[in-house]
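Here's the structure, in structure tokens; my notes come after.
The values are calculated or read from the model by the stated rules, or taken from the named source; none is laboratory data. Please read these numbers as outputs of a predicted model, since none were measured by experiment. Cβ: placed from backbone, ideal geometry, glycine included. Neighbour counts: every protein chain shown. What goes into the accessible areas is simple: the full protein's heavy atoms, side chains included, and nothing from ligands, DNA or RNA. Shrake-Rupley method; radii C 1.70, N 1.55, O 1.52, S 1.80 Å.
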Amino acid sequence: MAETGTLVDYANSLLEVNALRDYSPNGLQVAGRSETVRLMTGVTACQALLETAREWEADALLVHHGWFWKNEPPQLTGMKLRRVRTVLEAGFSLLAYHLPLDIHRAYGNNAELARLLGITVAGQQSAGGVPDLLWFGRLDEPVEARAFGERIGERLGRAPLHLGPDGGAIETAAWCTGAGQDFIDDAVARGVDAFITGEVSERTAHTARERGIHFFAAGHHATERYGVQALGGHLAERFGLEHRFVDIDNPV
């Protein structure tokens, strides 16, 4: 058991939330019970996840995609009102960590994706004005491009979209989980063989083909399931909490 305030303060410090400007507030977004015994984690604070947290009688829900995004309408109506009402009626706290959870070297999405895919991290660099958002590294041994795509599909449970050259081996890669498709030029400048992210844009296909880089769109949700699990597991171990990760499937 932990005081919720202590739990939040620790997570905020661990993820250095004050070091980044983000698109939504990081940390405690909705205050609930003062003590936390049951911690649920998930990718997005959607209605289905909120209902599951209420049924499980969670004391706190920790997500990667929370609420109150920049430039969104502030009115509490419709879907947004229903979500907020569910949390308030259930009485659990809602915690969310966006960019800080993408870049964290121990529990972040990029770190976890590297572990899953068997990539040794060589470093990080700024992308889109965010420090350390683009990661790069090396595979233990070269892998044929099609086989690497199959590896991604097997380990993430979703076949990626593969764009770029026909054939060839992959030994070096850059990656950014989620909506990082516009960082493909940064990956090219790094001189890597492949770039892995979650989403894809129409222009990405032309860039990959013309610049000769293997591009893998592995799914926004699929690439960002793992940081929140790692963070939740760490918090549970440190504070003696009961932890449960719930995956609300999203094909995007």
Which numbered condition trips up residue 195, out of (1) under 30 Å from residue 48 (Cα atoms); (2) crowded, with 20+ Cβ neighbours inside 10 Å; (3) of a type in the set (Phe, Trp, Tyr)? (1)
Just checking, does region 205-223 include any residue being open to solvent by 20 Å² or more (accessible area, probe 1.4 Å), among the hydrophobic types (A, V, I, L, M, F, W, C), in contact with a helix residue (DSSP H, G or I) (Cβ under 9 Å, 6 or more places away or on another chain) and not in a loop (DSSP other than H, G, I, E, B)? no
Take region 177-202 and flag every residue that is touching a residue at least 60 places away in the same chain (Cβ under 8 Å) and in contact with a Ser or Thr (Cβ under 7 Å, 6 or more places away or on another chain). 177, 178
Regarding residue 74, is this residue open to solvent by 20 Å² or more (accessible area, probe 1.4 Å) and modelled with pLDDT under 95? yes
Open to solvent by 70 Å² or more (accessible area, probe 1.4 Å), among the basic types (Lys, Arg) and part of a helix (DSSP H, G or I): does that describe residue 151? no
Got a sec? Which of 225, 211 is over 21 Å from residue 104 (Cα atoms) and basic (Lys, Arg)? 211
Mind checking which helices (runs of 4 or more DSSP H) fall wholly inside region 1-104 and carry at least 2 residues that are under 30 Å from residue 124 (Cα atoms) and of a type in the set (S, T, N, Q)? 4-15
So, first residue more than 14 Å from residue 103 (Cα to Cα) in region 13-29, second residue not in a loop (DSSP other than H, G, I, E, B), Cβ within less than 6 Å, six or more apart or across chains; the pairs are 27/8; 27/12; 27/17; 28/8; 28/95; 29/94; 29/96
Within region 110-128, the residues that are in contact (Cβ under 8 Å) with a residue 12 or more places away in the chain and either among the β-branched types (Val, Ile, Thr) or within 17 Å of residue 19 (Cβ to Cβ) (or both) are 110, 111, 119, 120, 121, 124, 125, 127, 128
Give the number of residues within region 103-143 that are crowded, with 22+ Cβ neighbours inside 10 Å and farther than 22 Å from residue 193 by Cα. 2
Failed condition for residue 174, given (1) touching a Phe, Trp or Tyr at 6+ places or on another chain (Cβ under 7 Å); (2) farther than 17 Å from residue 130 by Cβ; (3) in a strand (DSSP E or B); (4) of a type outside the set (Phe, Trp, Tyr), with all others met? (2)
